[in-house]
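The values are calculated or read from the model by the stated rules, or taken from the named source; none is laboratory data. Just so you know, these numbers come straight off a predicted model, no measurement behind them. Here the Cβ positions follow ideal geometry from the backbone for every residue, glycine too, while neighbour counts run over all protein chains shown. Surface accessibility is based on the protein's heavy atoms, side chains included, excluding ligands, DNA and RNA. Shrake-Rupley method; radii C 1.70, N 1.55, O 1.52, S 1.80 Å.
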Amino acid sequence: KGYKSCTMSKNVFPHSLFSSSMAEVRDVVFVIQSQKNSYHTHRAEQRRTELLYQAQTLNQSSPDVVLLHKLSDYDGNWSILPALPRLASQYCLTSLWIVFLEEETNVNLHNLLQVLSKFNTRKEWFLGRPLHDDEPTIIHHYAFSEDPYSFSYPDFMAGWAFSCPLAKRTAERVNYEPPKSDFTIDLQHEIALYIWEEGRGPALTVVNEFCSELQSLSSTGNCATTINTYLSACGNPVQKEDVFVAVKTCQRFHGDRVPLVKQTWEKDAASLEYYSDITDPYIPTIHLGVPNTERGHCAKTFAILKRFASGAVTQVPWLLIVDDDTLISLPRLRRLLGCYDPNEAVSVGERYGYGLSRDGYSYITGGGGMVFSRVAVQNILAGGCGCRSSDAPDDMVLGMCLTTLGLPVTHSPLFHQARPQDYVKELLARQSPISFHKHWNINPVAVYQHWLTEPNQRRAHSLTKTREEL
């Protein structure tokens, strides 16, 4: 407590703060930020097995390894703060640290214990590898707009940690002081803001041994953590013919947004329909009998779900619903879908949360693209879900519905609700992104070419362009 500035992450620590004894495996509880879907559960189990094996080779007792999605029945535990009271009360009696890992975070247990030994465990520590915003961004509600770089927040994929004194105090605080915003959008930034408490709590302490390099690189000798790529090899991509694409549009955008879809990613779809408020034979568009609304589009989305589920238009296993200003790589999406079982109720995209500190719900944010298996669509419709009004926010209504039915909302960081410049460059640099959203202040074709095509496609496009200019 008593830290004056959010730039504390640049501090050098006096030796009086350091611990003198070597940390042991039993001092640490590992929390893997796992997900309910079978593919993700399998990845988290592999991570747990590796940790237990390393402890064995160090001749130490097996650590506690918690899969976050199994901590309790509450689906909102992924947002961490609702899970903290249980984590602190169950594990901080015997452990000194809570270390959080993503499914694709590798740990060098020996190096990690050496790092943790440097810190006095009676004090509050919030450890991680720092990320900074270069400019104010919508996904962080334009926080620190005067100097966005001044605030550090942890790169979750590199691993991050709480000392138990901080975990216990934060767990108590969560009960009487929920986060200011009802929305969970970028969790790593929101957690850091909540912990920092406008300068009353600790800022992030930089730990250089939490690394964001790929494990395969030779420069990672001192690293306590390294990362895998987001996609482990899942076998073959799903067939082009196995994904049905639904594009939501309206007459107002037939002349500008729809031509951009046709110019960029439409060619990669085997079956695609445009749904509008009028029938336009030249695009062509389909009018589902639902009047256009300025926002929300709930009735239109449910009409799309019913059309897909009826089997009259298509029998394929996967449905992708996008906006007319979504930019997307369908080949990368098909690669991702190779990881999932279409016989399960799969709903995947960029996950946001609403009211998670008080029994809220998670949802796939619509602008980045919402992907559903046919089984998920059938369950949604059979579950009696519907719109309270035709302009209710479709993605949030679907999230409420999935939560009520006990069906998982699966997050992939490869989908993006905003534009490339709204995200930290180094996070995008290690991805092959699947989607971005919004045409505001960007050249959509250039963004598509740069971020969503493979290098050989880019070359082919520039050759075509040169020929056209000649």
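Taking Cα atoms only, the orientation of helix 38-57 departs from the longest principal axis of the chain by about 20 degrees. Ranked by the mean number of other Cβ atoms within 10 Å of their residues, highest first, the peptides 103-114, 436-447 fall in the order 103-114, 436-447.
Residues in the stretch 180-191 carry Karplus couplings, in order, of 5, 8, 6, 9, 10, 10, 10, 4, 5, 6, 5, 5 Hz; the curve used is 6.51 cos²θ - 1.76 cosθ + 1.60 with θ = phi - 60°, and Gly or Pro positions show x. Helical content alone sets the calculated 222 nm signal of the chain at -8500 deg cm²/dmol, taking -39,500 (n - 2.57) per DSSP H segment of four or more residues and averaging over every residue.
When Rg and the Kirkwood Rh are both derived from Cα coordinates, the Rg/Rh ratio for the stretch 139-227 amounts to 1.01. For the chain, what value does the Rg/Rh ratio take when both radii are computed over Cα atoms and Rh is the Kirkwood radius, given to two decimals? My calculation puts Rg/Rh at 0.99. Given in Å, the Rg to one decimal and the Dmax to the nearest whole number for the Cα atoms of the stretch 129-288 are 23.0, 65.
Distances between placed amide hydrogens fall under 5 Å for S432 paired with no residue 5 or more residues away or on another chain. Taking the longest Cα principal axis of the chain as reference, the axis of helix 298-310 is set at about 80 degrees. In a reduced charge model with +1 at each Lys and Arg Cβ and -1 at each Asp and Glu Cβ, the chain shows a dipole moment near 440 debye about its Cα centre. Computed from phi, the 3J(HN,Hα) profile of the stretch 81-94 under the Karplus parametrisation 6.51, -1.76, 1.60 (θ = phi - 60°) reads 4, x, 7, 4, x, 5, 4, 5, 6, 7, 10, 7, 6, 10 Hz, with x in place of Gly and Pro. Given +1 at the Cβ of Lys and Arg, -1 at the Cβ of Asp and Glu and no other charges, the dipole of the stretch 25-227 around its Cα centre is 940 debye to the nearest 20. Averaging sequence separations of C-alpha pairs under 8 Å and six or more residues apart, then dividing by the length of the chain, give the relative contact order as a whole percent. The value is 15 percent. Here the chain carries DSSP beta bridges of which approximately 50% are antiparallel, counting only pairs with both residues inside. Angle of helix 164-176 to the longest C-alpha principal axis of the chain, folded into 0 to 90 degrees and rounded to 10: 50°. Residues in the stretch 439-453 carry Karplus couplings, in order, of 9, 5, 6, 9, 9, x, 5, 5, 4, 4, 4, 6, 9, 10, 10 Hz; the curve used is 6.51 cos²θ - 1.76 cosθ + 1.60 with θ = phi - 60°, and Gly or Pro positions show x.
Remark on V31: its backbone amide H falls under 5 Å from those of V66, V99, F100, L101, a criterion applied only to residues 5 or more positions apart or on other chains, H modelled at 1.01 Å from N. By DSSP, the beta bridges lying fully in the stretch 243-459 are antiparallel in about 45 percent of cases.
Positive end of the dipole of the stretch 243-459 (Cβ unit charges, origin at the Cα centre): among I328, Y363, V258, the Cα lying farthest that way belongs to I328.
Surface composition of the stretch 355-406: carbon plus sulfur atoms contribute 48% of the solvent-accessible area (1.4 Å probe, protein chains only, all chains present).
Using a cutoff of 8 angstrom between alpha carbon atoms and counting only pairs six or more residues apart, the relative contact order for the stretch 25-227 works out to 24 percent.
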